[in-house]
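Notes to accompany the following structure.
The values are calculated or read from the model by the stated rules, or taken from the named source; none is laboratory data. Here the structure is a predicted model, which means the values were calculated and not measured. Virtual Cβ from ideal backbone geometry, glycine too; neighbours counted across all protein chains shown.
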Amino acid sequence: MGEVIFGSGGVVPAAELPDVELYHAKTWITKYVFSQDAKVIAVQYSITAMAIGVVALVLSWLMRLQLGFPGTFSFISAEGYYQFITMHGMIMVIYLLTALFLGGFGNYLIPLMVGARDMVFPYANMLSYWLYLLAVLVLVASIFAPGGPTGAGWTLYPPQAILGGTPGAEAGIILMLLSLILFIIGFTMGGLNYVVTVLQGRTRGMTLMRMPLTVWGIFTATVMALLAFPALFVAAVMMLFDRTLGTSFFMPSLVSMGEHLKYGGGSPILWQHLFWFFGHPEVYIVALPAFGIVSDLISVHARKAIFGYRMMVWAIVIIGALSFVVWAHHMYVSGMNLNFGFFFAVTTLIIAVPTAIKVYNWVLTLWHADIHLTVPMLFALGFVVTFVNGGLTGLFLGNVVVDLPLSATMFVVAHFHMVMGVAPILVVFGGIYHWYPKVTGRMMDDRLGKLHFWVTFLGAYAIFFPMHYLGLIGVPRRYYELGETAFIPKSAETLNVFITLAALIVGAAQMVFLFNLVRSLFNGRLAGGNPWNATSLEWQTPETPPAHGNWGKELPVVYRWAYDYSVPGAERDFIPQNQPPAGVAAQATITAVSAAH
Amino acid sequence: MAEPALTNVSEALTRPGSWQGVASDWASDQRAFKNVSWGKVMMWIFLLSDTFIFSCFLLSYMTVRMSTTAPWPNPSEVFALEIGGAKVPLILIAIMTFILISSSGTMAMAVNFGYRRDRVKTAALMLLTAAFGASFVGMQAFEWTKLIHEGVRPWGNPWGAYQFGSAFFMITGFHGTHVTIGVIFLVIMARKVWRGDLETERRGFFTSKKGSYELVEITGLYWHFVDLVWVFIFALFYLW
Ligand code: HEM
Ligand SMILES: [Cu+2]
């Protein structure tokens, strides 16, 4: 085995890992359809997620049309409204954001950023995508099932989720639960890959503390998902039995529509515990990758090292751990022992500390930096603003006494859209504008990108800022129409019309994005290998887009962290991670040495 | 066999010996767990995730057992067998548990002989383990049949709380599925060992990785886990 001079003078073997056994596809089908290459799988995940995301977007228009102009659109029934809400929420959170961040960004970036040739178990990785696709198809099938999709709300609370009278109680709920189960099995196959690749598949010199924060975010989120999804899996299985076999896990004895049902003795609260044991970490499963990606976007486009890298890593890990002990803050209204309420309020507020550290570090990175207002940077800055906004209202809702009156109002809708809807979606866009040149070799159109950003960012505020106010004056969440309500002033209707118009405009802006995405594929400016002058490994591949196996003959060797920007005395304002320090033989020589052995 | 040895001793010795050292050793070059292959790490993490699944199942069972107001059937009567006119409580489950625990022993021996490259003994012990596992599942099927004949259903039973049948069938069924999958994998692995696939490093169909005797150990990890879980199910379901 070849030995090379390394860093401070230690001696290390060449980078290639003995476990690597790359699968070489021979036919077109195994290359691009049933592909085991993480990069192809990433693109498949992303396209599927965006396609189903468009469905969720269209549903949000329909809901807004109803809320803005109640009674005008006869094709939106009350049942339909609940079905739209449920599908919109579920798709956005799980089938769009989770799949896109972990399956899309994770698959593409992890192997490239840690200097691996592929994920560690490409076959399981491929299955992961196909199960995800199947889950999406089952979800879509529920739309066409008799009775339509379930309208139980994305939290699917029993007993009403499976009782007659709830829209979709016939088949919709069954298909929804099946789809979730498939999603979880598929995700586990992919998730094990991401975790093991980060832990065991890095290239020579890539210590954990040299990994870009993007990898840290996705890695921690995946670990969390592997521990949180089991709760949803178990809950879904039990509810499926309650619905199909007539067991009573979640069902107390009750009378429905004048009929005494054959259920009895179950615990509806049990569902809430299981659901939120998954549901709260889920918020961070979409937030942590966003944190990581934003850190890298800010650092690259501000040409400055991220401030407090170590602190950033520890904050990600601590947030991940803490988010497993806060779930019951979603259940204050369900009632609980005062001491529990106190405990969950305290843990919830403690999470604000590492989160605030991250925000300060982003701001300090920007301080005196050489900020380039590129499209990815705009989206990153937009994220910081909306995230702070949503985080602050989260501090309100974390307190039991404040939450009780605000729960189930539009205030909550505004809060979670800001913090886990708008903020992560902005990062998704920023990430796509940033890495699109690597994936396709072409730049996305800048002017369309800026248009997309400003309409989306300002529009999101136009939609969700007034919602805080609506919530404070008592407009309830999940209401098909307000009707004649004594305590809600007429002006609320004007605001609702305004919000709806803003929502439609923001929706139109997403069409601009999709158009840009497709058009740039053919018309985009050629990007070259490293258009942003970034340091991390994915920009140093020998080919763009990276070929199968990513790195050509030799794996890159890493000599430094990913944030060497504007280093005084360096000839360029960035130093790639695989550039050897002065005095150490360049990689070409190393290759020659190891080949000679 | 590929050598996973990657400990970079000369570099490792330069790191400080303190808590900081612990962190930087763990975070060091290429691998968090030195000398541990990808497959083994993957299995451990999968088992961690699976632990959460079983924990959720068992906690849910405990919750519904407390939430129901109907009386809980007495396990030592329900799980008794008539032998020669006398009712022997928990006899079947005692035998099943004994068999499953023994199979962990034979599995451990198989791993040991695997690393000594004793093809015949390894394969034979794996098949014995599989046979134990299969008879466990067989007896479970017998127990299910008996209970179904007595009128236990997922949605009700003659003696009290509905949740008794639901939780019983769901949890033992989920565990039984794990055992069955384990038996299938044991048989496939035993065949590989027997044919010498692990020595010739023939590629597996699922992972397309080269075969090695570590595969026996990884199968063993799964098997021991399934046994361990059974101990908890046994204690919480049959003894409580
Ligand atoms: C253009 C952007 C969006 C608009 C206009 C929008 C609009 C809406 C509306 C009107 C509701 C129903 C409020 C109610 O009556 O209770 C809703 C619910 C919800 N939305 Fe969005 N949304 C958007 C984006 C997102 C995104 C990106 C996410 C991702 C996290 C998301 C997650 C949810 C969830 C979880 C619910 C709750 C569903 C439920 O109550 O069961 N939304 N949204
Ligand atoms: Cu929460």
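For the range A:569-581, indicate whether the set of residues that are surrounded by 14 or more Cβ atoms within 10 Å (Cβ to Cβ), charged (D, E, K, R) and modelled with pLDDT under 90 is non-empty. No, that holds for no residue.
If you check A:THR48, A:THR86 for being more than 16 Å from ligand 2 (Cβ to nearest atom), closer than 30 Å to A:SER491 by Cα and at pLDDT 95 or above, only one passes: A:THR86.
Every test in (1) closer than 27 Å to A:ARG303 by Cβ; (2) touching a residue at least 24 places away in the same chain (Cβ under 8 Å) is passed by A:LEU501 save one, and that test is (1). When we screen A:PHE416, A:PHE429, A:PHE464, A:PHE457 for residues that are more than 14 Å from chain B (Cβ to nearest Cβ) and within 16 Å of ligand 2 (Cβ to nearest atom), the only hit is A:PHE416.
Table: residues versus (1) buried (at least 20 other Cβ atoms within 10 Å of the Cβ); (2) touching a His at 6+ places or on another chain (Cβ under 9 Å); (3) part of a helix (DSSP H, G or I).
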{"position": "B:TRP159", "(1), (2), (3)": "no, no, no"}
{"position": "B:GLN163", "(1), (2), (3)": "yes, no, yes"}
{"position": "B:PHE168", "(1), (2), (3)": "yes, no, yes"}
{"position": "B:PHE174", "(1), (2), (3)": "no, no, yes"}
{"position": "B:PHE185", "(1), (2), (3)": "no, no, yes"}
{"position": "B:ILE188", "(1), (2), (3)": "no, no, yes"}
{"position": "B:ASP197", "(1), (2), (3)": "no, no, no"}
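Taking the listed residues A:GLY398, A:GLY394, A:GLY390, the one that is within 16 Å of ligand 2 (Cβ to nearest atom), within 17 Å of the chain's Cα centre (by Cα) and modelled with pLDDT under 95 is A:GLY390, with no other qualifying.
No other residue among B:PHE164, B:PHE174 is under 22 Å from the mean Cα position of the chain (by Cα), on the phi < 0 side of the Ramachandran plot and of a type outside the set (A, V, I, L, M) apart from B:PHE174.
Find the helices (runs of 4 or more DSSP H) located wholly in the range B:25-130 whose residues include 3 or more that are among the hydrophobic types (A, V, I, L, M, F, W, C) and more than 14 Å from chain A (Cβ to nearest Cβ), and list them. Before the answer, list the steps.
Numbers: elements: B:38-67, B:75-78, B:91-115.
Filter on the range B:25-130 gives B:91-115.
Checking each residue in the range A:324-346 for being more than 11 Å from A:ASP403 (Cβ to Cβ), within 14 Å of ligand 2 (Cβ to nearest atom) and outside any helix (DSSP H, G or I) picks out only A:VAL326. A Cβ distance below 9 Å, combined with a sequence gap of six or more or placement on separate chains, defines the contacts here; from the range B:160-173, residues that are within 13 Å of B:LEU147 (Cβ to Cβ) and facing chain A (nearest Cβ under 8 Å) reach residues that are among the acidic types (Asp, Glu) and crowded, with 24+ Cβ neighbours inside 10 Å in the pairs B:SER166/A:ASP242.
What residue, of A:ALA228, A:ALA235, is within 9 Å of another protein chain (Cβ to nearest Cβ), in contact (Cβ under 8 Å) with a residue 60 or more places away in the chain and at negative phi? Exactly one residue qualifies, and that residue is A:ALA228.
Looking at A:VAL346, A:VAL325, A:VAL313, just one residue is away from ligand 1 (no atom under 16 Å from the Cβ), surrounded by fewer than 22 Cβ atoms within 10 Å (Cβ to Cβ) and either of a type outside the set (Val, Ile, Thr) or farther than 30 Å from B:SER67 by Cβ (or both), and that residue is A:VAL313.
Considering A:ILE306, A:ILE269, A:ILE285, A:ILE293, which residue is within 16 Å of ligand 2 (Cβ to nearest atom) and within 30 Å of the chain's Cα centre (by Cα)?
A:ILE285
Against the conditions (1) surrounded by 24 or more Cβ atoms within 10 Å (Cβ to Cβ); (2) away from every other protein chain (no Cβ under 14 Å); (3) not polar (S, T, N, Q), A:ASP118 satisfies every one except (2).
If you go through the range A:240-257 one residue at a time, how many are within 11 Å of chain B (Cβ to nearest Cβ) and assigned to a helix (DSSP H, G or I)?
Going residue by residue through the range A:240-257, those that are within 11 Å of chain B (Cβ to nearest Cβ) are A:240-242, A:244-253.
Right, trim to assigned to a helix (DSSP H, G or I) and you get A:240-242, A:244.
Qualifying residue count for the region: 4.
Listed conditions (1) in a helix (DSSP H, G or I); (2) within 16 Å of ligand 2 (Cβ to nearest atom); (3) not polar (S, T, N, Q) are all met by A:TRP314, apart from (2).
Could you please let me know if A:ILE174 is more than 14 Å from every other protein chain (Cβ to nearest Cβ), in a helix (DSSP H, G or I) and either among the β-branched types (Val, Ile, Thr) or farther than 18 Å from A:GLY103 by Cα (or both)? Yes: the conditions hold for A:ILE174.
Quick one: how many residues across the range A:128-151 are within 14 Å of chain B (Cβ to nearest Cβ) and surrounded by fewer than 19 Cβ atoms within 10 Å (Cβ to Cβ)?
Matching residues across the range A:128-151 total 0.
Taking the range A:185-207 as the range and being in contact (Cβ under 8 Å) with a residue 40 or more places away in the chain, assigned to a helix (DSSP H, G or I) and not polar (S, T, N, Q) as the test, the residues that pass are A:ILE185, A:GLY186, A:PHE187, A:MET189, A:GLY190, A:GLY191, A:LEU192, A:TYR194, A:VAL196, A:VAL198.
Which members of the range A:1-33 meet the condition of being more than 13 Å from every other protein chain (Cβ to nearest Cβ), assigned to a loop (DSSP other than H, G, I, E, B) and at pLDDT 55 or above? Spell out the reasoning first.
Here is the first cut: in the range A:1-33, the residues more than 13 Å from every other protein chain (Cβ to nearest Cβ) are A:2, A:26-29, A:31-33.
If we keep only those that are assigned to a loop (DSSP other than H, G, I, E, B) too, we end up with A:2, A:26-27, A:33.
Listed by number, the residues that qualify are A:LYS26, A:THR27, A:VAL33.
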